[in-house]
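K.L.:
Structure incoming, see below.
Readers should treat all values here as calculations from the given coordinates under stated rules, not as data from a laboratory. Just so we're clear, the structure is a prediction, and the values are computed from it rather than from any experiment. All Cβ positions, even for glycine, are placed from backbone atoms using ideal geometry, and neighbour counts span all protein chains on display.
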Amino acid sequence: MNDPRPRGGGLIACIVATIAVTAYVIALLVVESQIGILILLAGGVAAVLAAARFGVLARVGEGLARRENTLHLLAVVGVVVATAFFHEDHFILLMMATVILYVLATLGLNVQFGFTGVLNFAGASFFGVGCYTAAVLSMHTAVPHILVLLIGGLMAALIGSILLLPVLRTRGHYAAVVTIAFALLFKTFLEVNDVLGGPQGLRVAGMNLFGWEFNDNIQIGENLELSFYVNYIVLGLILLGLAFAFVRRLERSWIGLNLDAIRLDDTAAACFGLNIARWKITAFTIGNFLTGVAGGLYAMMLGFIAPTNFTFGDSLILVSIVLLGGIGNVWGLVVATTIVIILPEKLQAIQEYRFLLYGAMVILMLLFRPEGLLPRPLRRYFPGWQPR
Amino acid sequence: MDVGYLAQYVMNGLMLGMMYALVAVGFTLFFGVLDVIKFSHGDVLTVGAFAGLATYLGLDLLGISSPVVLVLCVLSVSALCMALLGALIARYLVLPLRSAPPLNTLLITLMLGTVLRESVRLFYPQGANPKPFPALLPTDSVTMGNFNLRLDNVMMLFAGTIVIVGVHLLLTRTKLGLAIRAVAQDEETAKTMGINFKLIVLITFGLGSALAAFAGIMNGLYYNEINFGMGLLLGVIGFSSAIVGGLGNIYGAILGGFLFAALQTVGAVAMPFASAYKDVFAFGVIILIMAWRPTGLIREKVSERV
């Protein structure tokens with residue numbers, strides 16, 4: 001007999017949880033003193049553990065998973081509230097925009113090896129292709145900037161297609177070396193190439209959308225001035241929303257099912273008539289496209305790019321985000337990116353040791369919770385649907 | 001082109017190739033026994049070089065100046081320490097992840113590499129700066145036209161060859177080597193034959209890491225300088241070499257190492273573009289080779305492939 005009551009927490013619980021998370025993130029961003037940050041971090045971990053212990057986490061998670069639209073709305077509201085709270089703090093808004101764009105980039109990686117199992121250790125390189133495309137097009141041509149982002153993504157997909165043949169033919173560790181070699185090749189190429197600025201890098205023009213200059217602060221009325229990063233947060237959020245909806249639809253569709261089948265067992269998938277090459281190409285290209293788009297906007301936001309932004313180490317950070325979040329789980333990316341981007345910036349006291357601690361953190365994670373922070377749940381075809 | 005220059009390039013290429021081959025053999029050993037990639041290998045090499053330097057400085061303080069004693073001490077201390085480190089890595093990071101996806105092992109060792117690299121930078125006195133490495137070998141040289149043959153390079157090439165041949169003999173002629181090969185071939189059967197699986201794995205990782213220490217010291221002696229970041233690129237090159245040669249095959253690793261050095265040298269000398277593009281060229285060719293031979297030049301024996 002099925003329980004007629006809906007399982008999981010109610011709507012109120014979900015809203016309360018969102019408010020708590022938003023407030024916590026804001027507090028974390030506000031606090032400057034290192035002791036305060038450490039106390040907050042410890043408190044956050046303790047709260048999550050306690051919530052998990054008493055089943056609150058599972059109930060809220062279940063409740064949110066059933067009300068997917070509510071979850072999306074709440075997430076957007078949370079970001080908007082945080083943005084409004086910090087409306088004139090450039091640095092914090094820059095961090096938030098970076099998180100949004102990294103989530104967009106890692107969504108691409110997620111399609112590649114979260115869904116399909118195609119390894120890509122050159123994520124930062126495809127990100128870089130988007131960046132450099134944006135730099136060249138925005139400084140030397142009059143292409144509308146929104147198209148520049150699109151072209152950045154297409155360029156990343158196009159350059160990725162050079163790697164298609166070796167990526168398709170190799171597997172496992174052999175496939176890893178193809179993208180690793182590409183990551184090193186790309187960075188070295190940028191460094192020795194004079195046309196693209198060499199080691200000094202390139203300047204990038206700020207985003208200009210239909211005459212709206214993104215790099216000017218927004219003046220509203222007499223005494224309200226918003227940091228110009230708000231522009232990038234809004235556009236980034238819109239792009240992320242589109243990409244997110246797209247990836248979710250992809251995951252839920254028969255295409256997503258095919259991709260999963262290929263990841264889990266490509267021999268069996270081939271026996272059932274799936275064209276492995278086609279789907280691997282699809283996933284690799286879509287992933288690179290998303291990463292490239294994110295790169296384009298990121299370059300415009302920073303206004304300056306150099307080869308040191310696109311090292312193999314940066315690609316590893318992207319891979320770690322996907323792994324930390326829980327391979328294949330799009331929400332895990334949000335959590336993991338927030339941790340990976342914001343923590344090192346906030347813990348200035350340990351700035352020197354941050355890579356060390358960061359490496360140690362991932363090692364502990366892999367040893368004790370290899371499935372990631374938020375393991376990927378079973379696919380839900382109809383969110384909110386109850387078996388009767 | 002002048003014969004002297006040509007000989008010089010060949011010599012430099014051989015030196016590089018020897019270092020790459022030593023690193024690649026390590027990768028291939030690890031892959032052989034456990035089917036894992038230990039990506040911290042390059043950084044183990046860095047730590048090995050720094051351990052060698054520290055040993056030298058310690059001996060220098062003690063007033064020992066005999067070059068033979070110095071070289072032997074530096075090599076053995078560094079190799080022993082790294083063997084221990086490698087075994088520890090295998091015991092506490094690689095073996096616990098046996099049942100996890102291979103990506104996790106790759107990532108955990110990559111992160112360990114970061115930790116090692118950062119530790120050298122932060123905790124070695126002034127570790128962030130490049131360190132001069134003492135010239136422990138005789139620096140005599142013979143000059144023939146444009147070719148300058150340095151005695152220390154010849155000695156290093158010779159020593160490298162001996163080490164590689166030694167590893168090969170160890171693998172093919174001794175009982176330990178037999179055990180390593182048995183574990184590599186079939187873990188279950190090896191276990192039923194009474195081979196201590198865990199011990200063999202630890203020994204193999206120790207052996208591979210000692211090779212990395214040797215390569216690290218060779219690198220220091222060759223360039224007369226070491227720095228905390230040198231292992232990353234060497235590790236990636238060694239990995240690429242092992243892959244291009246064919247994982248799990250010691251000949252493949254050696255072939256791959258020398259092939260990569262040859263590509264770099266050709267890219268620097270014989271190609272129409274600037275020599276700065278040599279790595280771009282070398283990695284580009286590696287990608288092409290992977291497209292042509294997806295499991296390496298010397299093919300891995302894969303029976304379960306359908």
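K.L.:
Please give the calculated 222 nm ellipticity per residue for chain B, where each DSSP H segment of at least 4 residues contributes -39500 (n - 2.57) and the sum is spread over every residue; nearest 500 deg cm²/dmol?
P.N.:
Values: 11 runs with 217 residues, N = 306.
Value at 222 nm, helices only: -24500 deg cm²/dmol.
K.L.:
Can you list, largest first and rounded to whole Å, the semi-axes you get for the protein assembly as shown by taking the square root of 5 times each eigenvalue of its Cα gyration tensor? Please report the intermediate quantities before stating the final value.
P.N.:
Numbers: eigenvalues 410, 176, 134 Å².
Value: 45, 30, 26 Å, ordered largest first.
K.L.:
Okay, moving on. Taking the inverse of the average 1/r across all pairs of different Cα atoms in chain B, what Kirkwood radius in Å do you get?
P.N.:
Values: mean 1/r = 0.0501 Å⁻¹.
Taking every pair of different Cα atoms in chain B, averaging 1/r and inverting gives 20.0 Å.
K.L.:
Okay, next question. Only helices at least 18 Å long along their own axis, judged from Cα atoms, and with Kyte-Doolittle mean hydropathy of 0.0 or greater: name those in chain A from DSSP H. Let's see the in-between values first.
P.N.:
Numbers: long enough: A:11-30 (28 Å, 2.75); A:34-53 (28 Å, 1.93); A:68-85 (25 Å, 1.59); A:90-109 (28 Å, 2.20); A:123-140 (26 Å, 1.09); A:145-162 (26 Å, 2.31); A:172-192 (31 Å, 1.45); A:229-252 (33 Å, 1.24); A:276-302 (39 Å, 1.03); A:312-325 (20 Å, 2.11); A:330-346 (24 Å, 1.65); A:354-368 (21 Å, 2.18).
Membrane-span-like by this rule: A:11-30, A:34-53, A:68-85, A:90-109, A:123-140, A:145-162, A:172-192, A:229-252, A:276-302, A:312-325, A:330-346, A:354-368.
K.L.:
Which entries in A:280/B:198; B:38/B:198; B:131/B:198; A:187/B:38; B:38/B:191; B:131/B:278 show an alpha-carbon gap greater than 27 Å?
P.N.:
Details: A:280/B:198 37 Å; B:38/B:198 16 Å; B:131/B:198 37 Å; A:187/B:38 23 Å; B:38/B:191 23 Å; B:131/B:278 25 Å.
Listed pairs above 27 Å: A:280/B:198; B:131/B:198.
K.L.:
Per-residue Cβ counts within 10 Å, from other chains only, averaged over B:224-234: what number is that? Intermediate results must be reported in sequence, preceding the final value.
P.N.:
Working: counts 0, 0, 0, 0, 0, 0, 0, 0, 4, 3, 0.
Partner-chain Cβ atoms within 10 Å, mean over residues of B:224-234: 1.
K.L.:
Divide by every residue of chain A the summed helix terms, -39500 (n - 2.57) for each DSSP H run of at least 4, and state the resulting mean residue ellipticity at 222 nm, rounded to the nearest 500 deg cm²/dmol.
P.N.:
Working: 16 runs with 266 residues, N = 388.
Rounded to the nearest 500, the figure is -23000 deg cm²/dmol.
K.L.:
Moving on. How big is the convex hull of the Cα atoms of chain A, per residue, in Å³?
P.N.:
On the way: hull volume 63.7 nm³, N = 388.
With only Cα atoms used, chain A gives 164 Å³ per residue.
K.L.:
Run the simple label-point estimate for residue A:54 and residue A:210 please: 7 Å along Cα→C-beta, distance reported in nm.
P.N.:
About 4.9 nm separates the two model spin labels.
K.L.:
For region A:1-85, divide the Cα radius of gyration by the Kirkwood radius and give the resulting Rg/Rh value with two decimals. Can you show the working numbers first?
P.N.:
Numbers: Rg = 15.0 Å, Rh = 14.2 Å.
Radius of gyration relative to Kirkwood radius: 1.06.
K.L.:
Now a separate question. Pop the C-beta distance of residue A:196 and residue B:178 into the FRET formula with R0 = 41 Å and round what comes out to the nearest 0.05. The partial results should precede the final answer.
P.N.:
On the way: r = 54 Å, r/R0 = 1.32.
Efficiency, rounded to the nearest 0.05: 0.15.
K.L.:
Rank by packing, highest mean first: peptides B:149-162, B:46-59, with packing defined as the count of other Cβ atoms within 10 Å averaged across residues.
P.N.:
Details: B:149-162: 15.9, B:46-59: 22.8.
So the peptides B:149-162, B:46-59, ranked by packing, come out B:46-59, B:149-162.
K.L.:
Let me ask you something else. For peptide B:91-103, what's the mean number of Cβ atoms from other chains within 10 Å of each residue's Cβ?
P.N.:
On the way: counts 0, 2, 3, 0, 0, 4, 3, 0, 1, 4, 4, 4, 12.
If you average over the peptide's residues, the count of other-chain Cβ atoms is 3.
K.L.:
Hey, any idea what the orientation-averaged projected area of the convex hull of region A:313-362's Cα atoms comes to, in nm²? Intermediate results must be reported in sequence, preceding the final value.
P.N.:
Numbers: hull surface 13.0 nm².
Convex hull of Cα atoms, orientation-averaged projection: 3.2 nm².
K.L.:
Rank by packing, highest mean first: peptides B:197-209, A:322-334, A:59-71, with packing defined as the count of other Cβ atoms within 10 Å averaged across residues.
P.N.:
Descending mean neighbour count gives A:322-334, B:197-209, A:59-71.
K.L.:
Calculate the mean, over all residues of peptide A:124-133, of how many other protein chain Cβ atoms lie within 10 angstrom of the residue's Cβ. Could you put the intermediate results ahead of the total?
P.N.:
Details: counts 0, 0, 0, 0, 0, 0, 0, 0, 0, 0.
Taking the mean over all residues of the peptide, I get 0.
K.L.:
What's the local net charge at residue A:191, with K and R +1, D and E -1, over the other residues with C-beta under 15 Å away?
P.N.:
On the way: positive: A:187, B:278; negative: A:194, A:314, B:279.
So the environment of residue A:191 carries a net charge of -1.
K.L.:
Distance in nm between label sites at residue A:72 and residue B:198, each 7 Å beyond Cα in the beta-carbon direction?
P.N.:
Each label point lies 7 Å from its Cα, and together they span 5.1 nm.
K.L.:
If you take every residue apart from residue B:266 with its C-beta less than 15 Å away from the C-beta of residue B:266, what net charge results, scoring Lys and Arg +1 and Asp and Glu -1? Mind dumping the intermediate values first?
P.N.:
On the way: positive: B:278; negative: B:279.
The answer is 0.
K.L.:
In debye, nearest 20: dipole of the protein assembly as shown around its Cα centre with unit charges on the Cβ of K, R (+) and D, E (-)?
P.N.:
Values: 40 positive and 34 negative charges, 449 e Å.
Here the protein assembly as shown has a charge dipole of around 2160 debye.
K.L.:
If you scale each eigenvalue of the Cα gyration tensor by 5 and take the root, what three semi-axes come out for region A:273-329, rounded to whole angstrom and sorted largest first? Mind showing how you got there, number by number?
P.N.:
Details: eigenvalues 139, 49, 22 Å².
Semi-axes, largest first: 26, 16, 10 Å.
K.L.:
What's the local net charge at residue A:119, with K and R +1, D and E -1, over the other residues with C-beta under 15 Å away? Walk me through the intermediate numbers first.
P.N.:
Numbers: positive: A:169, A:171, A:263, A:280; negative: A:266.
Computed value for this residue: +3.
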